[in-house]
Amino acid sequence: MWIAGLSALLSHWRRKPLQLATLILGLALATALWSGVQAINAEARASYEAAASAVGETRYAQLLPREGAIAQARYVELRRRGLQVSPVVEGRITVAGDSWRLIGIDPLTVPADVAPSGADIAGDLTGFLTAPGQIYAPPAALDGLAEGLDQQILPAEGLAPGVLFTDIGVAQRLLDLEGGISRLILRTDQPLTLPELETLAPELDLRRPEAGSDVARLTDSFHLNLTAFGLLSFAVGLFIVHGTIGLAFEQRRPMVRTLRALGLPLTTLITLLCLELLILAVIAGALGMALGYSIAAALLPDVAATLRGLYGAEIDGSLSLRPAWWLAGMAIAVSGTGLAATGAVWRVARLPILVPAQPRAWARASEDRLVLLGGGAAALAATSLAAGLFGQGLIAGFVLLGAALLSAALALPVLLHAILGLAARTAKSPVAEWFWADTRQQLPGLSLALMALLLALSANIGVGTMVASFRLTFTGWLDQRLASELYVTARTQAEAPALRAFLQERADAVLPIWNIDARVAGLPAEIYGVADHPTYRDNWPMLDALPDVWDRVIAGEAILINEQLARRESLGPGDTLALPGDWQSAIGGIYSDYGNPAGQVLVGLPHLVARFPGIEKRRFGVRIAPEAVPALARDLREGFGLPAQNMIDQASLKAFSLQIFERTFTVTAALNVLTLSVAGFAILTSLLTLAAVRQPQLAPVWALGLTRRRLAALELARALLLAVLTIVAAIPVGLLLSWVLLAVINVEAFGWRLPMFLFPRDWLLLGLLSLLAAALAALWPARRLARTPPADLLKIFANER
Amino acid sequence: MNVSAPICRAAAAILLSGVIAVGAHAQGFAGMGTSADGFALPRPGAEFAFPDDHGPHEAFRIEWWYLTANLRAEDGTDYGLQWTLFRSALSPETGKGWDSNQFWMGHAAVTAPDAHYSAERFARGGIGQAGVRSDPFAAWIDDWQMTGIEAGRLTAAAADFAYDMTIAAQGPFVPQGESGYSVKSQAGQASHYYSQPFYRIEGTLILPGGPVKVAGHAWLDREWSSQPLTEDQTGWDWVSLHLDTGEKLMGYRLRSALDPAYTVATWIDPDGTPTPYRAGVLTMTPTAITEVRDREIPTEWRLTLPGRGLDISVAALNPQAWMDTAIAYWEGPVRVTGSHDGVGYLEMTGYD
């Protein structure tokens, strides 16, 4: 009975291969986008983890200097007082044109699990410690390195991409950091007589292991953004699955009744239905995973470029397969199917055996249902509002966003119903009356597809508006911020004064760009010194400032901080901020600093140099007439001997910055297009399935004298009308979405708020494209209707009634 | 300790390589004063020059400052403590800072009748984290230090124990072997070796149960060499005994895979006059075996030295005095009974 029952149920799919394809494809698409995004995130997180664990960041507390490096003598002093710490030296080196993160450790004091897997230091400890030394590198990178370095290069597969691992002595020499230590790993086996850490090393900051690496914290928001997109796509995909399953179950009502009448117990029937769904979900899930893997593999290089450009985070450009990812993907496919099918299975379970088992276009346009939808929409809107008013953080931002979008989607059928009701009153002819009434009647069948379209369109408008607003703001900001015509860097500290003198003779002004890396309010930040020059007074993109702020900064009475830092720490002009070295300073102003994940502080240059005499003084901005830049660059190369890579002109720097910007949103744009395609597909499938069940409704109209052509044209018109209404409704929803992205999500994720600009031409284009997609989707069923043999329409009266 | 076990084993192996795993070819060059790989070799007849010889001899491959103490608390409980600093050179030529070829390892332990605590530290020379200075004397690795060699202070601290002691020498430094030239095998492997067996020591042990005031005798061994053992020698059993008569006995038995054990002894009079005994005069016979960490360890011995009428039993205060360090060995205080009574220390290596 089990086999017979299952084969009877499955026979439905054999007879409706298109429906089967729709179901599988919908589920596969939903799974694909979701799992693709997850694969990207997993890959990136694994890279961060590998990068962090190369220096034990994830497992051990660390002591960090508030600025600069820890003196080696200080490290020895701490050891001599009993503190069990192990030194780490870290920095970037360039080998054969590639930039590497070089990490040096002391193998005799480092905890066991800090070294990367595959690095057999114990096997040749003498080789690791004594000249020429050994450097461990990711296995793929060995060849290029051997030529650029004197040390023996060895593979260690546990190393994150872009990381080299060596002895501390070698690292200090290669990084020009002799006598300096970047941070100390705090071992867990401290002596029982050890004094308190606060009295031993008051000048060092303790970072707990659970705090995670800086990179992981900084990139969290980026990955959350991707996840949100994946979720949106999954939701859109589920609309398709829900629609198809609902339709298939409705169409099988006669079969279900027959099976029950033949004696198949209800529990057996339900089990069989679930089994059938499980089989379909597994097949579609596997397809979706394969598809998701391809999507992830295609997008990963762009994600990697974004993360490198924006956060300096290195992730591997190639994707590895993780069992957890497969399992999670399959689980989401199966549970998604379950979610989408619950209603349908529930209805089968409650189906009385004796009612006429007519397909009823599987949903009635009952007032009840509209009330339910409206109630849901109102509840979600309230949730969204609450999240917006009382919520904190990125998660609240996404709740606000998600609830608002879903609320709009649920409200759409209600709105359309109302509009169609109003339109029906204008109807003069019987055909027009039938048209409006029938459109209203069809609304429930199409509403899921229309909701999907609304979601995809508003996401598209919202994200598009956000990106375009960002781009506009960003380019304007770049123009302000990059005021100097040429940026030069001396090769060494010693060369810098000569370079400055050389430039001063030839340029209008030479502005030092000197900074230190420090920790401000517990996170890495940059402190820049600013010279007294109109370039800054005229151009600096200030958001909020005290009067005469530049005079105060130059006098050392105030500092400027970037928007990120101000928002993170809730600071404003007039507040004070603690800088390294017991330096309390009043905040004079806040400036915008897009594209920089870190906090930044601007202080008067003389005050910075006085506090940190060891500051690197190699970089300068040069003010000169733009047309004189090439000549000066040539002079620098030929007259001064400065290599070309030590200078960059304003235009190149802007192009470079914009390139990073564009890359950041490549992934967003790609996901956007994919979501829209899923929505287009949803419309097509809805119309196709409706067309199949609508023949009984159309046959009487045809019998009353309307030609098939006319009927087909009306069908097409109806689809387009509904699409237009949805597109129009999507615009305000999209704008709301973009406002949330700019004013809530961006602030939480990146720390900056952007002004919103409107781009109606983009909406028009998008609207036309969607209309075209809807028209194409409607054309196929309409054509089929126009070519249905009259005999088929006649048969309906015989078969169905 | 969550020190990287393989790295520490490698480090310890390097440190002890001169002791355990040397090439057998070296003795042919012994007369020339340097070994084939560039390290200095011990010379017979060389006089100790203090305080310089308290300091490191960097031309030699391996060296140690090895202090053991038999202690008694006010309640009569016996304890033992160990403080050891090993030095090793990775190569004959040295560099500055992190490029130094010098390599240091510290061992510290406290033994109670019912417990044994041990810890180790590693450091590289050249940066100041570990080292030895001859005058004024200081030997240190991290916060473990011995400052002053005639009278001074001795400290160590680990996660589960610590001690803070003062020492004061009550007698002279004593050369071992032939005026400090200590032969380790029939083939002539040797080291420079002197001891200070006359320390009075007192101070506080800090144990998980709380601080314990203790006092007793301590013994410092100073030894340096480049290749003291032959390849077939598998380990040694070594004792330093404080007899109640005020006399001291140092003896060891080097076990060999090929030959009978090679035993050597030095009898030290209460005034510090040493009498070295040629190989084979001292007998050391295990009389009881204890299972320690899945190993068979002889924790009771019968020692005889016919010329001195010595026939004693040496028994471990705590048979489980296992040094759970990267290179593990047994080291702990012993009680002496028989023809003579006293206390002392027993060290046994190579029981794998």
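Remark: the B:Thr285-B:Ser91 segment gains 66.0 nm on full extension, using 0.36 nm per residue and subtracting the alpha carbon distance. Each of A:Trp702, A:Gly180, A:Ala525 was placed along the dipole of the protein assembly as shown (beta-carbon charges, centred on the mean Cα), and the one lying farthest toward the positive end is A:Trp702.
Sort largest first and round to whole Å: the equivalent ellipsoid semi-axes of chain A, each the square root of five times a Cα gyration tensor eigenvalue.
They are 62, 32, 23 Å, listed largest first.
Specify whether the C-alpha gyration tensor of chain B places it in the rounded, prolate or oblate class, a ≥ b ≥ c being the square roots of the eigenvalues: rounded for a/c under 1.5, otherwise prolate if a/b is larger than b/c and oblate if not. Judged from the Cα gyration tensor, chain B comes out rounded (a/c under 1.5). Taking 7 Å steps out from each Cα toward its Cβ at A:Leu771 and A:Thr342 produces label points 3.9 nm apart. The calculated 222 nm mean residue ellipticity attributable to helices in chain A amounts to -20500 deg cm²/dmol, summing -39500 (n - 2.57) over DSSP H runs of n ≥ 4 and dividing by all residues. Stretching the chain fully between A:Gln493 and A:Ile3 yields a gain of 168.1 nm (0.36 nm per residue, less the alpha carbon separation). Note on A:Ala625 and B:Arg43: the model spin-label points, each 7 Å out from Cα along the C-beta direction, lie 8.1 nm apart.
Here the calculated FRET efficiency for A:Asp98 and A:Asp548, from their Cβ-Cβ distance with R0 = 35 Å, stands at 0.15, rounded to the nearest 0.05.
Computed from the C-beta positions of A:Arg537 and A:Trp739, the FRET efficiency with R₀ = 41 Å rounds to 0.80.
What ranking of A:Ser677, B:Ser91 comes out by heavy-atom accessible area, probe 1.4 Å, highest first?
Ranked list, largest accessible area first: A:Ser677, B:Ser91.
A:Arg623 sits among other residues whose Cβ lies under 12 Å from its own Cβ, and their net charge, with Lys and Arg +1 and Asp and Glu -1, is -2.
Taking the Cα centre of region B:5-348 as reference, the dipole from Cβ charges on Lys and Arg (+1) and Asp and Glu (-1) amounts to some 360 debye.
Peptides A:258-270, A:439-451, A:516-528 ranked from most to least packed, by the mean per-residue count of other Cβ atoms within 10 Å: A:439-451, A:516-528, A:258-270.
Shielding of B:139-145 by partners, i.e. mean partner chain Cβ atoms within 10 Å per residue?
4
The fraction of Cα-Cα pairs per 10 angstrom bin, counted from 0 for region A:59-211, comes to 11, 40, 33, 14, 2 percent, rounded to whole percents. Partner shielding of B:151-159 amounts to 3, given as the average count of beta-carbon atoms from other chains within 10 Å of each residue beta-carbon. For the residue pairs B:Lys96/B:Lys184; A:Lys428/A:Lys795; B:Lys184/B:Lys248; B:Lys184/B:Lys213, the alpha carbons lie more than 27 Å apart in B:Lys96/B:Lys184; A:Lys428/A:Lys795; B:Lys184/B:Lys213. Selection among B:Ala315, B:Val281, B:Ile127 by position relative to the dipole of region B:5-348 gives B:Ile127 as farthest towards the positive end (Cβ unit charges, Cα centre). Only Cα pairs under 8 Å and 6+ residues apart enter the sum, and on that basis the relative contact order of chain B stands at 16 percent. The residues neighbouring B:Thr287, those whose beta-carbon lies less than 13 Å from its own, together hold a net charge of -2 under the Lys/Arg +1, Asp/Glu -1 convention.
Peptide A:187-200 is shielded by partner chain Cβ atoms: per residue, an average of 4 of them sit within 10 Å of its Cβ.
Between B:Asp135 and B:Asp164, full extension at 0.36 nm per residue minus the direct alpha carbon distance yields a gain of 8.3 nm.
Within a straight-line Cα-Cα reach of under 26 Å, A:Lys654 can be paired with the following lysines, leaving aside sequence neighbours fewer than 8 residues apart in one chain: A:Lys617. Please work out the FRET efficiency for the pair A:Ala261 and A:Ala46, using the Cβ-Cβ distance as r and a Förster radius of 56 Å; give the result to the nearest 0.05. Given R0 = 56 Å and the Cβ-Cβ separation, E is 0.50. Computed from label points 7 Å out along Cα-Cβ, the spacing between A:Leu653 and B:Arg200 is 7.5 nm.
The values are calculated or read from the model by the stated rules, or taken from the named source; none is laboratory data. Just so it is clear, the model here is predicted, and its values are computed rather than measured. Quick reminder, even Gly has a Cβ in these numbers, built from the backbone with ideal geometry, and neighbours come from all protein chains shown. All accessible areas refer to the heavy atoms of the entire protein, side chains included, with ligands and DNA or RNA removed. Shrake-Rupley method; radii C 1.70, N 1.55, O 1.52, S 1.80 Å.
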